[in-house]
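Below: one structure, written as structure tokens.
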Amino acid sequence: MKQKIILLILFLISIFGLGHSVIRPTPLDIKYDDKSFTITFNYNTPYYTRLILYQNKTTPRSEMAPNSFNCSLIIGDKRHCVFHSDEPFSRLWGTPYSKVCAREVESSEEDCSFRTSAFPYFPLAYNLKYSKKPKTSGEDIVVTGTYLRFMGGPNLIPNTFDTTKPLVVKGNFSDPSFDCNNLTITFPPGYGSFLLYYDETGLHPLLFSYESPKISSIVSDSSKQTITINGDNFYTNKDLVLVSFDGINQTNFIISVNHTQIQVNNFNRVDPGPMSVNITVKDVSIEENYIYCFPAIITSISSVSNHLGGMVTIKGEKLSSTLNPSLTPSITIGDQQCTFNKSTTTELECTLDPNEYGGKNLSVNVNFGGCNSTSPNGVSFTYNIPTLSSGSYSNGLVTLIGTNLGTNEESFIQLYGDGINDTINIDQFNVSSDEKNLIFKLPLLRCTSFNINFIRSNNTANKLSISVSLSINVINRPTVSNGTLNIEIYYMDCSVISSSAPSVTVDNSTSQCSIPSLQSSSGYYETTCPIQYGTGINKQFTFKLNSETVNGEFSYAPPKVDNRTFSEGHINITFHGNNFGNSTSLIQVYLNGSDISTEILEIKDNQFTIKRLNSYENGPINITVHGNNMESLFYLTLPPVIYGIINKDERKSSKLSGGAIAGITIGCVAAVGALVGCVVYFKLITRAKNSFK
């Protein structure tokens, strides 16, 4: 204890000194700015006269200009001593060992043995400004102010960051041109806050710190579950660093690059939206939390009709918040708002109002809490992009199911594929009011499968392929005997090239057809099939080609009359032509609308004979064979019939039979017109009721 007391006494002696010729001054106050300072004393006590600034512990500055205190101003009981120097204040520098001279009021004797550091009132570092705070990696900074080295090193500044290593001030203070108000200080690598002692007395520390951590960018790698933080002032020792996300401290991290990069491991976030990031190095935190956005990721977007608007489906990642279900996104398409409906993490739905003008390649943004979405493949939105989900065929009509199918004015269909030499355009179709169903008539095609391109406003839908079952068309009407069917084939399986011939079955009778061949005139495949003897219309048959079977029908050729002949004596009439069949039960013959079928005497395929009745008159013949009507009626003209001759003078008549006229042969009858000039008068009556004289 005695030893400590002795050391304290020695310290006090070193500060205040002993044996001063002038009583130690006791300043009361000081006022100063960057251009002057004034120290106040009691008017009747010792006061300062001048300064002797030292360049080190023992040596006064040799280049220092004269200076003095003007203490003539007394106000009341206070003496005001104003400091004056022949050199600018920017050259006021010294050490704690500098001296101040003093005198008593009644004596002109000056005592210069007082150390400036022993007095409480001297100018401290004033109007201090730093060019910046030093990085944790260390750097030079510029400090400006006044009285920076009044009682300093001058080239060393003590600090609490490392008490064994004062900071170094660059420059030669002894150089008269050196500006002590503008110092360059070298800061070594460090961290946190600390104290600086510009006056080196240890009595007036100033708080300072290394620069706050700064974040320039953050990179999230969900595949590696890492967050890489790029920036500066992270120092090198992770034990001094605190990293927090949304207020939650992260413990699994490394300083991957000294001072400039931190990597947080095993971090995975599935939610979109902002995340607040804070970094603190010892006691110095980031000035403002860094907001990192986990964006919603858009990989695809559906389209809607600009006429109707409707539901837009967005697919991707981070499209819903599981941690905060109340966080709903704001969705913008172009300059239109899309009203949020619902979402999962991978799919979002919103409703877009109709838009008269539509648009193409419009920007899409799904914003969660101020965080805009991203799209790795540059997804944009275009109105009126049609989609086709399915297609079907029935009874000659194709039905397409999809979306945004538009109208005839803005849409059209293209058919292409095997068997279609040139693309077929379809511009006539019916679309439902919701633009989800479309029907069009399918033209005849060569092959069973074809592709559909649907185009609306230059936007093409996905390709759709449709297969249609085999179809046929009989392009001729076979004769009753030795008939053949010429059949056009549509929607064949063009991928199968078969040498096997198709077959037809009529009334359980099957016959082989020719191998189908492509007809240059029609562009379709055609086959020829022999069929059995028959008559009638709408005959059902089965057509088989490879593994496909289709039903069809045909009609035999209609009956046709080419001419008629009469038997000797004109007793019977024979009609010559074709397709009459061979059964009287299947044929009906009409003359002037009257059925004379019962008068048929015999029938063959190419002729039939009927008995001539006296009631027959000239007129149309109509024939039906097994329900098959003739296409063009045959007009029957009967020869004249003479019933008798009347003598003009005797008024006697002579009835004839067999077409003879008493003494006049049939030849005369055939030339009956020549009889008009006969001397005899006769009356000629035919079934046409003509009269001749």
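The values are calculated or read from the model by the stated rules, or taken from the named source; none is laboratory data. Keep in mind it's a predicted model, so treat the numbers as computed, not measured. Neighbour counts run over all protein chains shown; Cβ positions are idealised from the backbone, glycine included. SASA here: full protein model, heavy atoms, side chains in, ligands and nucleic acids out. Shrake-Rupley method; radii C 1.70, N 1.55, O 1.52, S 1.80 Å.
Kindly sort 165, 238 by accessible area of their heavy atoms, largest first, with the probe set to 1.4 Å.
Sorted descending by solvent-accessible area, the residues read 165, 238.
Along its principal axes, what span do the Cα atoms of region 254-345 show, with the longest given first and each in whole Å?
Answer, in whole Å and largest first: 61, 25, 23 Å.
When all protein chains stay in place, what accessible area (Å², nearest 10, 1.4 Å probe) is found for residue 128?
Per-residue accessible area (residue 128): approximately 50 Å².
I'd like the FRET efficiency for residue 302 and residue 399, computed as 1/(1 + (r/R0)^6) with the beta carbon distance as r and R0 of 25 Å, rounded to 0.05.
Here the calculated transfer efficiency is 0.70.
As an exercise, use a Förster radius of 60 Å and the Cβ-Cβ distance of residue 130 and residue 422 to find the FRET efficiency, rounded to the nearest 0.05.
So the FRET efficiency works out to roughly 0.15.
So for region 66-185, if I pair up every lysine 8 or more residues apart or on another chain, how many of those pairs have alpha-carbons under 19 Å apart?
Lysine pairs satisfying the spacing and distance rule in region 66-185 number 6.
Assign one of three labels to region 227-290, namely rounded, prolate or oblate, based on the Cα gyration tensor with a ≥ b ≥ c the square roots of its eigenvalues; rounded applies when a/c is under 1.5, prolate when it is not and a/b is larger than b/c, and oblate otherwise.
The shape class here is prolate.
Cα centroids of region 98-154 and region 34-57: how far apart, whole angstrom?
For region 98-154 versus region 34-57, the Cα centre distance is 12 Å.
Using a 1.4 angstrom probe with every protein chain in place, what is the largest-first accessible-area order of 243, 82?
Output order, biggest surface exposure first: 82, 243.
Hey, got a sec? Which GluC sites (Glu not before Pro) in region 323-396 land in a DSSP loop and have at most 14 other Cβ atoms within 10 Å?
For GluC sites (Glu not before Pro) across region 323-396 that sit outside H, G, I, E and B with at most 14 neighbouring Cβ atoms in 10 Å, the list reads 356.
What is the gain in length, in nm to one decimal, between residue 433 and residue 225 on full extension, counting 0.36 nm per residue of separation less the C-alpha to C-alpha distance?
My answer for the length gained is 70.0 nm.
Please work out how much accessible surface residue 447 shows to a 1.4 Å probe, ignoring ligands, DNA and RNA, in Å² rounded to 10.
10
What distance in nm separates the simple spin-label points at residue 585 and residue 387, each placed 7 Å from Cα in the Cβ direction?
Here the modelled spin labels are 6.5 nm apart.
Per residue, how much accessible area does the chain have with a 1.4 Å probe, in Å²?
Counting only protein heavy atoms, the per-residue value for the chain is 51 Å².
How much of the accessible area of the chain, probe 1.4 Å, is carbon plus sulfur, in whole percent?
Of the solvent-accessible surface of the chain, carbon and sulfur hold 50 percent.
Would you mind checking region 392-417 for residues with the amide N under 13 Å from a putative spin-label position 7 Å along Cα→C-beta of residue 455?
What the label zone holds, given the 13 Å backbone N cut-off, is 410-416.
State the percent of C-alpha pairs, over all pairs in region 373-518, separated by a distance greater than 21 angstrom.
Of all Cα-Cα pairs in region 373-518, 55 percent lie more than 21 Å apart.
Pull out the extension gain between residue 82 and residue 611, defined as 0.36 nm times the separation in residues minus the alpha carbon to alpha carbon distance; nm, one decimal.
Using 0.36 nm per residue and subtracting the Cα-Cα distance, I get 174.0 nm.
Would you list 151, 64 from the most to the least accessible area, probe 1.4 Å?
Working: 151 10, 64 35 Å².
Result, largest first: 64, 151.
Working out 0.36 nm times the residue gap between residue 337 and residue 62, then minus their Cα-Cα distance, what length gain in nm do you get to one decimal?
91.1 nm
Determine which aspartates and glutamates satisfy two conditions relative to residue 441: a Cα distance under 13 Å, and not lying fewer than 8 residues away in the same chain.
427
Take residue 193 and residue 178, extend 7 Å from each Cα along the Cα→Cβ direction, and tell me the distance between the two endpoints in nm.
3.2
Between region 244-299 and region 541-571, how many Å separate their Cα centres?
92
Under the classification rounded if a/c is under 1.5, otherwise prolate if a/b is larger than b/c and oblate if not, where does region 247-400 fall, given a ≥ b ≥ c as square roots of the Cα gyration tensor eigenvalues?
Verdict is prolate for region 247-400.
Taking R0 as 41 Å, what's the FRET efficiency between residue 70 and residue 261 from their Cβ-Cβ distance, rounded to 0.05? Write out the running numbers ahead of the final one.
Numbers: r = 60 Å, r/R0 = 1.46.
Efficiency computed from Cβ-Cβ geometry: 0.10.
List the pair-distance distribution P(r) of the chain, using every Cα-Cα distance, as the percent of pairs falling in each 20 Å bin from 0 up to the bin containing the longest distance, rounded to whole percents.
Final binned percentages: 12, 18, 16, 14, 11, 9, 7, 6, 4, 2, 0.
Tell me the angle of helix 2-16 to the major Cα principal axis of the chain, expressed in degrees between 0 and 90 and rounded to the nearest ten.
90
When only C-alpha pairs under 8 Å and at least 6 residues apart count, what is the relative contact order of the chain, in percent? Working shown, then result.
Working: 1688 pairs, mean separation 35.4, N = 693.
Reported relative contact order: 5 percent.
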